[in-house]
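Please treat every number below as a calculation from the coordinates, not as lab data. None of the values given here were measured: they were computed from a predicted structure. Reconstructed Cβ throughout: ideal geometry from the backbone, glycine too, with neighbour counts over all protein chains shown.
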Amino acid sequence: MEFDLTDIKFSRYDLKKGLKLPNKLSQELAYLCGIIVGDGSIYQRQDKKDCVLKIVGNPKDEQELYHEVIGPYFNKTFGFMPNIRLQDTNTTYGFVVVSKGLLIFLTEKTGLIKGKKDQRLGIPEIFKDNREFLVPFIRGLFDTDGCMCFKKRYRKEPYYPVISLSSSSEKLIKEVVKELKEMGFKVVESYNRQIFDPRFKKGFNIISRLDLNGFQNLQLWIEKINFSSPKHLNKIKKYYFKENLG
């Protein structure tokens, strides 16, 4: 798929930082879009009229992901390396990019939403029905918003794999569930559950969730999608391959 970029005008800041926009869809771009749906936000500052892309994660265990994966992919796709560092008074880790051209490209060409992540949030249409780009999109989404854990169940050591994804967007979870089922995964899904969360004024958040339980799901995940996140890959190496390879 090729993009028509003739209607996107660069600001002087775009030109100064060396922004380039891809003229066709790539796996790196698809992965970054998954990252943005997971950990990112696209918005416009009303006071300064700045167009902002912000991608941040957990400073405790995601710094490696940002430096080794997200940063290089961003540089390859958009022509410059973002300033990756602690953000939000040292509570998050990632980067903020102010760019009118990039915001227009991401929202108008790839279909990512601008503003609050609400029930509009889903898989952009350009990735649906195209496994070559859908897979890296899902990988990016799970690298940031997904959870890879191993449960003890009835043993002393963690051994039972569970891959999960939660979102306030019912639409996103339903669309991801549909794609995963078509790939052969056995999915446990739940929608619009009230989860206690003191960060919200009402004291809870409404969450939809999917779970991929068990060894068959994990093996299929490794074969068809896999992770790029060092955090997730290290858990698999520590618990899954240890369990199966000794």
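Miscellaneous remarks
- Across the range 101-108, rounded Karplus estimates of 3J(HN,Hα) from the backbone phi angles (6.51 cos²θ - 1.76 cosθ + 1.60, θ = phi - 60°) give x, 5, 4, 4, 4, 5, 8, 8 Hz, Gly and Pro being marked x.
- Annotation for Thr107 and Glu64: the two label points, set 7 Å from Cα along the Cα-Cβ direction, are 3.6 nm apart.
- Only aspartates and glutamates eight or more places from Lys54 in sequence, or on another chain, were considered; those with a Cα closer than 14 Å are Asp39, Asp88.
- In this structure, Lys151 and Leu15 have a Cβ-Cβ separation that, at R0 = 45 Å, corresponds to a calculated FRET efficiency of about 0.30.
- Pairs beyond 18 Å (Cα-Cα), from Lys128/Lys174; Lys171/Lys235; Lys20/Lys100: Lys171/Lys235
- Sequence-distant contacts, meaning Cα pairs under 8 Å at least 6 residues apart, place the relative contact order of the range 90-209 at 19 percent.
- Relative contact order (percent, whole number), the chain, Cα cutoff 8 Å, 6+ residue spacing: 19
- Crossing angle, helix 27-39 versus the chain [Cα axis fit, 0-90 degrees, rounded to tens]: 80
- Computed E for Lys202/Thr89 - FRET, C-beta separation, R0 25 angstrom, nearest 0.05: 0.50
- Those residues of the range 1-41 whose amide nitrogen sits under 16 Å from the label point placed on Phe80, 7 Å along Cα→Cβ: 9-22
- Global geometry of the range 126-245, whether rounded, prolate or oblate, following the gyration tensor of its Cα atoms and the 1.5 cut on a/c: oblate
- Amide hydrogen proximity for Gly57: with H placed 1.01 Å from N in the peptide plane, the residues at 5 or more positions away or on another chain lying under 5 Å are Tyr93, Gly94.
- Length gained when the stretch Glu2-Lys237 is fully extended (0.36 nm per residue, less Cα-Cα span): 80.8 nm
- For the chain, the longest principal axis of the alpha carbon atoms and the long axis of helix 215-224 meet at an angle near 30°.
- Looking at the range 81-182, the trypsin sites (Lys or Arg not before Pro) that sit in a DSSP loop and have at most 11 other Cβ atoms within 10 Å of their own Cβ are Lys116, Lys152, Arg153, Arg155, Lys156.
- Approximate spin-label separation Glu125-Val188, in nm, with each point projected 7 Å along Cα-to-Cβ: 3.6
- Shape call, the range 12-116: gyration tensor on alpha carbons, a/c limit 1.5: rounded
- Qualifying aspartates and glutamates (Cα of each under 16 Å from Cα of Lys17; at least 8 residues distant if same chain): Asp50
- Axis of helix 170-182 versus longest Cα principal axis of the chain: the two differ by about 60°, to the nearest ten degrees.
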